[in-house]
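What follows is one structure encoded as structure tokens, with my remarks underneath.
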Amino acid sequence: MNRVIFQCEDSMEGILTGVYDAWASRVGHDRVKLEAGPDHEMELFSEYRRVETDGEKAEKVAGTIRRRMGQNCWESIYQATLAEEKEKAEAVYRSVVLGLSLAQRKNGSVYRLMENIQEPCIFQVMTLSRTVAREAHRYLGFIRFQEMKGKLLYSEIEPFGQILPLIGDHFANRYPGERFLIFDRHHQMSLLHQPGAPWYLFRGEAPKTELLEQSDGEKAYEELWKRFVDTIAIRERENGGLQQQLLPLKFRKYMTEWG
């Protein structure tokens, strides 16, 4: 019998909707595969079904994971859906199927799915989750804001994973009275925060150039910062290899002191 491949949007909501539709299809878990995003090779003798992202379906799956497998399991699966990995959707689907199957044997109590690290799908979800969390943590120290006219703080990044949802609370708590925008150029996604309001995400191209004109004092402060960094550097103790290990080149492109 042909395999049924469900193709979903590369987002948390898209993948969880795919999990819902694949499960509800009743074609059998052994015949189902879940793919996120457009970059997959077509397989012979397979039936393809397009998944339309549905917030209600995604929330039902998320609620089931929290209720049956616990908050820690949900956080690992959620972070895995943000990773830059072609097979992440399939790993998430297999993990949910395994988790619900094992949870049935616990008579309603929470099943700690992520402890089954010997299972390939669980190991992959845990690995992806940790990779995304580690990258998000590193960006907390590497993001640099520029002050634009209109009192907007603006920053650009190019992370591998979709880390914006993981860093929103940090910067909202750090700058509660500021209006700031962080643009993820790699995923064409933005995080916007307004004073006194929750931050939110939206997809789309980078803001128009005319909206991102630097404030009068920004260039002066940038020059002062570069001069400060250069002044405190100890040339005799420079270690290029260690420096690149601690501060990879991908971060430097958008850092003021390296501009």
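Figures for the structure shown
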read-out	value
Table column - 3J(HN,Hα) (Hz), segment 215-228, Karplus curve with 6.51, -1.76, 1.60, x for Gly and Pro	5, 4, x, 4, 4, 5, 5, 4, 5, 4, 5, 4, 5, 5
Spatially near lysine pairs across segment 1-120, Cα under 21 Å, sequence gap of 8 or more or different chains	7
Candidate aspartates and glutamates for bridging to Lys151, where Cα separation is under 17 Å - those fewer than 8 sequence places away on the same chain excluded	Glu178, Glu210, Glu213, Asp216, Glu218, Glu222
All-pairs Cα distance distribution in segment 185-259, expressed in whole percent, bin size 5 Å	3, 10, 12, 18, 18, 15, 12, 8, 3, 0
Highest-MSF residue in the chain out of Ile77, Ile167, Ile182 [GNM, Cα springs under 10 Å]	Ile167
DSSP bridge orientation in the chain - percent antiparallel, rounded to nearest 5	45 percent
Cα point-scatterer Debye curve for segment 43-186, base-10 log of I(q)/I(0) at q = 0.10, 0.21 Å⁻¹	-0.46, -1.25
Helix-derived mean residue ellipticity, 222 nm - over the chain, DSSP H n ≥ 4, -39500 (n - 2.57), to 500	-14000 deg cm²/dmol
Cα-based helix-to-principal-axis angle, 71-81 vs the chain, degrees rounded to 10	70 degrees
Placed amide H near Arg179: partners under 5 Å, 5+ positions off or other chain	Leu153
Heavy atoms of His186: accessible area, 1.4 Å probe, square angstrom to 10	90 Å²
Cα pair distances of the chain binned at 5 Å [whole percent]	1, 5, 11, 14, 15, 13, 12, 9, 7, 6, 4, 2, 1, 0
GNM flexibility winner over the chain from Leu247, Leu102, Leu181 (Cα, springs under 10 Å)	Leu247
DSSP-loop GluC sites (Glu not before Pro) across segment 170-211, with at most 14 other Cβ within 10 angstrom	Glu205
Rounded Å value of the spacing that divides the Cα centres of segment 119-175 and segment 39-104	22 Å
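The values are calculated or read from the model by the stated rules, or taken from the named source; none is laboratory data. In this text, all values refer to a predicted model and were calculated from it rather than measured experimentally. Quick reminder, even Gly has a Cβ in these numbers, built from the backbone with ideal geometry, and neighbours come from all protein chains shown. Keep in mind that these areas ignore ligands, DNA and RNA; they rest on the heavy atoms of the full protein, side chains included. Shrake-Rupley method; radii C 1.70, N 1.55, O 1.52, S 1.80 Å.
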